[in-house]
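FYI, it's all coordinate maths here, none of it is from the lab. Keep in mind that what you see is a predicted model, and the values were worked out from it rather than measured. Reconstructed Cβ throughout: ideal geometry from the backbone, glycine too, with neighbour counts over all protein chains shown.
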Amino acid sequence: MAAGFKTAEPLEYHRSFLKENCRPDGRELGEFRPTTLNISSVSTADGSALVKIGNTTVICGIKAELTTPPSDAPNRGYIVPNVDLPPLCSSKFRPGPPGEQAQAASQFIADVIESSDLINMEELCIEKSKLCWVLYCDIMCLDYDGNLLDACIIVLLAALKNAQLPEVTINKETDLAEADIQKKQPLKINRLPVGSSFAVFDDSIIIVDPTAEEESLSTALLTVVTDEEDRLCAVHKPGGTSLSGEKLQHCINRAITRNKEISKLVNKVTESMKTAK
Amino acid sequence: MTTMMELDQSYSVLREYGSEQSLLSKPDGSSTFVQGDTSILAGVYGPAEVKVSKEIYDRATVEVLIQPKMGLPGVRERAREQCVRETCEAALLLTLHPRSSVTVILQVIHDDGSLLSCCLNAACMALMDAGLPMSHLFCSVTCAISKEGQIIIDPTARQEKECPALLTFAIDSAECNVLMSSTTGSFSVQELQQCIAISQKASEQIFQFYRDSVKRRYSKIK
């Protein structure tokens, strides 16, 4: 009977749970789904990670290539993130060129990387105007159950922490780059940006970490990205119903707590990799 | 063309802004919005027919296209389109036109900073010109936080480049709350609250401008 009610009136079904301050999957309004992280899963990539937030599964692979730096920033390397939402992850996405959600997510990740000063781009430069690293970060969603942006940020962070780049020197005689694959250096990560997504229901109730169903029924979505110094790197609310100042503050506080939980998780996993070696 | 200049305290000044409506013959509604040197031309078609794959059974489908001044639309334009589309969806009464489409096309004429804000303001004026039913109007303000921590409102392209943080907000006319927020750069929570407060205050000027342009347009002038 409940299944029938859920299909016929999904909004009423969710409202009846929200009235009791809980959600259909048993979570509280402010509770995140269990998050698991796995790194170095893709052996052919220079760095990789896989994250699961509830059912949402996102994988990231990093490939480092050598290229000439752009002429307007000759002493900096660059990072190219790309978020892919293949038809595999959800029936919402059709095959073909990337849709708006994938492109908007790619732009959002690129903005977070720049805003949070995640990596010092000058360190990616090997020789000014001649050679630099470009890091292609391919983020692919394998199972879409809401809260894509949080998962993408965590998986990117973990993959970058896991990435190892070979040492490159330029041979003075031949003027060619030589990469020493035996000597690998990890990247220096300055900040730990972590995102928290919220959905607004009926203009008043805010729930944390929405599933795909909750996202489709919500009236507005908000993602707050904080770093470990409690500074905000992004407040992304692409529209929808308005949010008052105190509700926004409440979301920011929840995001700051979430940052500490995820930082601990990422550090634990990275440390365990080091001890395993 | 209606124009207005506001002189307030030193750094909370919006650049000279102006708008013109109904300048294109084919779209149902059109407008230009000019903020300083930034200029956007908006055209609205709707309610019109929608492709069966995109139709929604109980509401209108809103599509936004942003054409940059040079080149083809890229990922950056898609992200801006998402912001404009969701803001328009919140303001328009979409359930009055099920299985129809509302298309907003924005052409960048010149970009001198505060581009997303200008796009949103032009979109709102064009939607008003098209006569589409809306529950409230919206306007947008961009704030930049300089290295010294000073908040500059409606920055030029040069100011945007020099400032480490840039925040764009869309404010609604009914309750003066934040409808849309898009930020780059890092900033503290206090700076965010200050920017929101400054944007809400500046939005009052822009809403007054909307009211005055509509009044001027529909009053009996021969």
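Within region A:117-149, can you find the residues that are polar (S, T, N, Q) and farther than 18 Å from residue A:237 by Cα?
Of the residues in region A:117-149, the ones polar (S, T, N, Q) are A:120, A:129, A:147.
Within region A:117-149, A:120, A:129 qualify.
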**Prompt:** Across region B:141-165, which residue is farthest from residue B:15 (Cα to Cα) among those that are of a type in the set (S, T, N, Q) and in contact (Cβ under 8 Å) with a residue 60 or more places away in the chain?
**Reply:** B:150
**Prompt:** Any idea which of B:35, B:82, B:67 is within 11 Å of another protein chain (Cβ to nearest Cβ) and among the polar types (S, T, N, Q)?
**Reply:** B:82
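When the residues of region A:223-277 are narrowed to those that are facing another protein chain (nearest Cβ under 8 Å) and in contact with a Pro (Cβ under 9 Å, 6 or more places away or on another chain), which ends up farthest from residue B:144 (Cα to Cα)?
Step one: of region A:223-277, the residues facing another protein chain (nearest Cβ under 8 Å) are A:227, A:230-245, A:248-249, A:252.
Now narrow it down to the ones that are in contact with a Pro (Cβ under 9 Å, 6 or more places away or on another chain): A:227, A:233-234.
Details: A:227: 20, A:233: 14, A:234: 14 Å.
So, considering only residues that are facing another protein chain (nearest Cβ under 8 Å) and in contact with a Pro (Cβ under 9 Å, 6 or more places away or on another chain), the one farthest from residue B:144 (Cα to Cα) is A:227.
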**Message:** Looking at region A:234-248 only, could you name the residues that are in a helix (DSSP H, G or I) and surrounded by 13 or more Cβ atoms within 10 Å (Cβ to Cβ)?
**Reply:** A:245, A:247, A:248
**Item:** Checklist (1) within 12 Å of another protein chain (Cβ to nearest Cβ); (2) in contact (Cβ under 8 Å) with a residue 40 or more places away in the chain; (3) over 28 Å from residue A:162 (Cβ atoms); (4) not in a strand (DSSP E or B) applied to residue A:200, failing item
**Value:** (4)
**Prompt:** Does region B:47-55 contain at least one residue that is surrounded by fewer than 20 Cβ atoms within 10 Å (Cβ to Cβ) and either within 12 Å of chain A (Cβ to nearest Cβ) or hydroxyl-bearing (Ser, Thr, Tyr) (or both)?
**Reply:** yes
**Request:** Pull up region A:206-220, narrow it to residues that are away from chain B (no Cβ under 14 Å) and more than 17 Å from the chain's Cα centre (by Cα), then point me to the one that is surrounded by the fewest Cβ atoms within 10 Å (Cβ to Cβ).
**Result:** A:213
**Request:** Just one of (1) touching a helix residue (DSSP H, G or I) at 6+ places or on another chain (Cβ under 7 Å); (2) assigned to a strand (DSSP E or B); (3) charged (D, E, K, R) trips up residue A:184, so point out which.
**Result:** (1)
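Within region A:88-144, how many residues turn out to be in a helix (DSSP H, G or I), more than 14 Å from chain B (Cβ to nearest Cβ) and touching a residue at least 60 places away in the same chain (Cβ under 8 Å)? Break it down stepwise before answering.
Let us first name the residues in region A:88-144 that are in a helix (DSSP H, G or I), namely A:100-116, A:121-124.
Restricting the remaining residues to those that are more than 14 Å from chain B (Cβ to nearest Cβ) gives A:121-124.
Retained after the next criterion (residues that are touching a residue at least 60 places away in the same chain (Cβ under 8 Å)): A:123.
Residues flagged as in a helix (DSSP H, G or I), more than 14 Å from chain B (Cβ to nearest Cβ) and touching a residue at least 60 places away in the same chain (Cβ under 8 Å) within region A:88-144 amount to 1.
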**Message:** The conditions are (1) more than 14 Å from chain B (Cβ to nearest Cβ); (2) surrounded by 18 or more Cβ atoms within 10 Å (Cβ to Cβ), and residue A:85 fails exactly one of them. Which is it?
**Reply:** (1)
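Which of the residues that make up region B:146-192 are assigned to a helix (DSSP H, G or I), under 14 Å from residue A:232 (Cα atoms) and more than 7 Å from chain A (Cβ to nearest Cβ)?
Of everything in region B:146-192, those that are assigned to a helix (DSSP H, G or I), under 14 Å from residue A:232 (Cα atoms) and more than 7 Å from chain A (Cβ to nearest Cβ) turn out to be B:190, B:191.
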**Asked** Name the pairs whose Cβ atoms lie under 6 Å apart, with the first residue in region A:17-32 and in contact (Cβ under 8 Å) with a residue 12 or more places away in the chain, the second of a type in the set (D, E, K, R) and assigned to a loop (DSSP other than H, G, I, E, B), and 6 or more positions between them or separate chains?
**Response** A:32/A:209
